[in-house]
2 protein chains.
Amino acid sequence: MRDVYIIGAGMTKFGRAGDWTLIDVLEYAAAQALKDADLKDDIESVFVANMGAGLLNHLSGVGSAMVDRLCLWPATAETVENGPASGGSAVKVGTMAVGSGAVDTALVIGGEVMRSVTGWEATDFVATLSHPEAEYIYGVTLPSLAGMFARLYMDKYGITPEHLAMVAIKNHQNAMKNPNAHIQQTVSMEGLLHRPEAVVNNPYVAEPLRMFDCCPVSDGAAAVILCTKEIAEKSGKPMVRVAGFGQATDTHAVHERKDPTELTAVRLAAERAFGMAGRKPADVDVAELHDAFTILEIAESEEAGFFDKGTGHIALENGETRPDGRLPINVSGGLKARGHPVGATGVAQVVEIAWQLAGKAGERQLDDPRVGFTCNFGGFGNNVLCFVFEREG
Amino acid sequence: MRDVYIIGAGMTKFGRAGDWTLIDVLEYAAAQALKDADLKDDIESVFVANMGAGLLNHLSGVGSAMVDRLCLWPATAETVENGPASGGSAVKVGTMAVGSGAVDTALVIGGEVMRSVTGWEATDFVATLSHPEAEYIYGVTLPSLAGMFARLYMDKYGITPEHLAMVAIKNHQNAMKNPNAHIQQTVSMEGLLHRPEAVVNNPYVAEPLRMFDCCPVSDGAAAVILCTKEIAEKSGKPMVRVAGFGQATDTHAVHERKDPTELTAVRLAAERAFGMAGRKPADVDVAELHDAFTILEIAESEEAGFFDKGTGHIALENGETRPDGRLPINVSGGLKARGHPVGATGVAQVVEIAWQLAGKAGERQLDDPRVGFTCNFGGFGNNVLCFVFEREG
């Protein structure tokens, strides 16, 4: 496969789209990425990551609609759906499109407008990715799966509610420096767990997970522009390469897994991404993990190989994953505080890493990171994509 | 890009899925293709083509669900949506996946279960791909766009209602030899147009298009297995190569096109596919065109380069597109009679060509075709994919 580079990135503020339609938010993110890339060559292909156009917005053919909205005819276009990992999937497909030589440029846009429906409809919408006969019809939702996972994981490794809260506290703090974050509010251990009013302000959603252990329901979009080495070099911009990607699936129904505390698909996807990149976890300077629930950041940080199994919460407690730590995780605020417009998330993770590696992350810029990593978690771990990115030169 | 081959193909009978869910029909088609391929290597990736999982079936993550149903973990999986051209898009993405070197094998499954809703809901469902603000809200549907197109096209080139009926007559006749066709019923010029009861039996849907000018609403699925040259050679099966693919978009709203009788995206997509294959239209021995409406078979046969603009209906009248003609078109029965489960169609076209080139088309097998062509028409011509396939050896 030819080398593939990121030469443009952009996103909307995550949160409430208001009067903006799905097409509007996708357009805004794409326009930001196009402006960032300042591309002289044509965009030859468009890949839109989205999960709910049909279920929430009564739309189809959104890929073609974006070509039209951006006046990119006759660029090719597709919509790629893979639940909350749609974004990672679209970045992968775009990378293969450029990598294969089929096209020299690809615009990948991920977006979702999901606050147009009520809270329970949004929860039902996301639950459509669970097993239709073995989970969905019994009322299993993503928070309930995460709750059961958290209970087993906490019991097994001695993780406390305080550890979960540490993820939220860190990521809310990080989001304060991200103007695109949905939630810009710091939270404290006292407020989340120890003050008497915590039972009201931070109620259980799916015990042991409380409200602040869960990501918000967000609208928004993010976009990246992928291209060949030649085009990237011509641009004179920092050379950020898609060094490796890996993907793996697991059983659809969570109860069919031998050990439900193992996120096998995360481990495999990360191994494959590192293998393709010729890198190891210790090489990574900055990572964006899929913290749709606080427990997932801890578990993924272990399965991806950054910490031994069962020690992620210790590393967190020691501050190793803070922006000033050994491996900053979710400097953007993560899904927890940047927000989680499902189709956008996988692309937004790549946008954050592209910005960090290119030195464009503003107030939250880390000190010269060279290797970045993303983990986009679909279903309840039944389809996961990991990427390794490197800045050259 | 590495060469990519088709070593397995399968499909359900198109028509009514009855109690079968979308997952069931996709599984059946995939199982047929896997049996046909008799593959010793693992399936490394799955691409599902589907348009209505969200809008009609309250499902998401169908790609991951198929990996699970077929026990193909940890194979990668995505759903690819591009309206009625979803099938062509998924075959393209699968070809890029194998062609790029990312994987050695890809299972591409296209399917739709759309008879679970009423007729007007199915029409509304397909109309979700029209322009949301410029077409959909004014009640424009695909049959109405096709009706307006047909009127202009017929006026411009002197095409009569009899010419349209000839497409239906030929394709219904062809479908009599296709056990997977939805409609197995011959029709005659007399019955369609000239008997007094034709006004009742073949009423206008969108004048000048009558009921028998429109494809039926069908359920069904089709699947192909793509692989590297090495794996194809090892299989000892006929070597059917994806010689070229091309895709192009056009304006979303049809009225924005300079000349609405030009299907620019078809012309461009065909040119690109022939260019990649190093072939020309005259080399093609068998073609599957997207006859969702009879007029489209005529127009596409011209835009693809098989006949001069404005002469497709003459070639049809002269029998050149019959199975015994110079260029057999829609030997399978086409969308008109094989049926049109939207997500399945682009894959079913490839299945028919793969079978014809491999000598597996049963009663409707043509005499040793070597080069095949497909045209999968999305939106009302705003996203079109064409492929050229060749049998080697």
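Structure data summary
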{"read-out": "Shielding by partners - mean other protein chain Cβ count within 10 Å, residues of A:45-52", "value": "2"}
{"read-out": "Per residue convex hull volume, Cα atoms of the protein assembly as shown, in Å³", "value": "139 Å³"}
{"read-out": "Table column - 3J(HN,Hα) (Hz), segment B:210-221, Karplus curve with 6.51, -1.76, 1.60, x for Gly and Pro", "value": "9, 3, 7, 8, 10, 6, x, 8, 10, 9, x, 8"}
{"read-out": "Segment B:20-117 shape via C-alpha gyration tensor axes, a/c threshold 1.5", "value": "prolate"}
{"read-out": "Proximal lysines relative to B:Lys170, as straight alpha-carbon distance under 17 Å, when same-chain residues fewer than 8 apart are discounted", "value": "B:Lys336"}
{"read-out": "Within straight-line cross-link reach of B:Lys237, aspartates and glutamates at Cα separation under 18 Å, skipping those fewer than 8 residues along the same chain", "value": "B:Asp3, B:Asp36, B:Asp38, B:Asp41, B:Asp42, B:Asp104, B:Glu352, B:Asp368, B:Glu390, B:Glu392"}
{"read-out": "Neighbour count of at most 12 Cβ within 10 Å plus DSSP loop: longest trypsin sites (Lys or Arg not before Pro)-free window in chain A", "value": "A:41-257"}
{"read-out": "Where N is the number of residues in segment A:242-392, Cα Rg divided by 2.2 N^0.38 Å", "value": "0.96"}
{"read-out": "Chain A: most fluctuating residue of A:Gly346, A:Gly88, A:Gly244 per GNM, C-alpha cutoff 10 Å", "value": "A:Gly244"}
{"read-out": "Principal axes of segment A:211-261: Cα extent on each, largest first, Å", "value": "51, 28, 15"}
{"read-out": "Share antiparallel - DSSP beta bridges, the protein assembly as shown, percent rounded to 5", "value": "75 percent"}
{"read-out": "For A:Thr160, inter-copy label distances in nm, listed shortest first [label point 7 Å out on the Cα-Cβ vector]", "value": "9.0"}
{"read-out": "Share antiparallel - DSSP beta bridges, segment A:242-392, percent rounded to 5", "value": "80 percent"}
{"read-out": "Percent of C-alpha pairs per 20 Å bin, chain B, short to long", "value": "32, 60, 8, 0"}
{"read-out": "Least to most buried among A:His172, A:His255 (fewest other Cβ within 10 Å first)", "value": "A:His255, A:His172"}
{"read-out": "Average other protein chain Cβ within 10 Å of Cβ, residues B:77-90", "value": "6"}
{"read-out": "Base-10 log of normalised Debye intensity for segment B:123-218 (one unit scatterer per alpha-carbon) at q = 0.10, 0.12, 0.14, 0.23 Å⁻¹", "value": "-0.32, -0.46, -0.61, -1.20"}
{"read-out": "Inter-copy spacing of A:Asn201 label points, which lie 7 Å from Cα along Cα→Cβ, given in nm from shortest upward", "value": "7.7"}
{"read-out": "Backbone HN-Hα couplings from phi across segment A:7-19 [Karplus 6.51/-1.76/1.60, Hz, Gly and Pro as x]", "value": "10, x, 8, x, 7, 7, 5, 7, x, 10, 7, x, 7"}
{"read-out": "Cross-link table A:Lys40/A:Lys360; A:Lys229/B:Lys92; A:Lys309/B:Lys40; A:Lys229/A:Lys360; A:Lys13/A:Lys92, entries beyond 29 Å C-alpha to C-alpha", "value": "A:Lys309/B:Lys40"}
{"read-out": "Prolate/oblate/rounded label for segment B:240-291 (Cα gyration tensor, a/c 1.5)", "value": "prolate"}
{"read-out": "Tensor-based shape of segment B:313-375 (alpha-carbon gyration tensor, a/c under 1.5 rounded, otherwise prolate or oblate)", "value": "oblate"}
{"read-out": "Across the identical copies, how the A:Met176 labels are spaced - nm, sorted shortest first, 7 Å along Cα→Cβ", "value": "7.9"}
{"read-out": "Positive-pole candidate from A:Gly246, A:Ala265, A:Ile295, dipole of segment A:242-392, charges at beta carbon", "value": "A:Gly246"}
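We did not get these values from a lab; they are worked out from the coordinates using the rules stated. What you see is a predicted model, and the numbers here were worked out from it, not measured in a lab. FYI the Cβ positions are ideal-geometry reconstructions off the backbone, even for glycines, and counts take in every protein chain you see.
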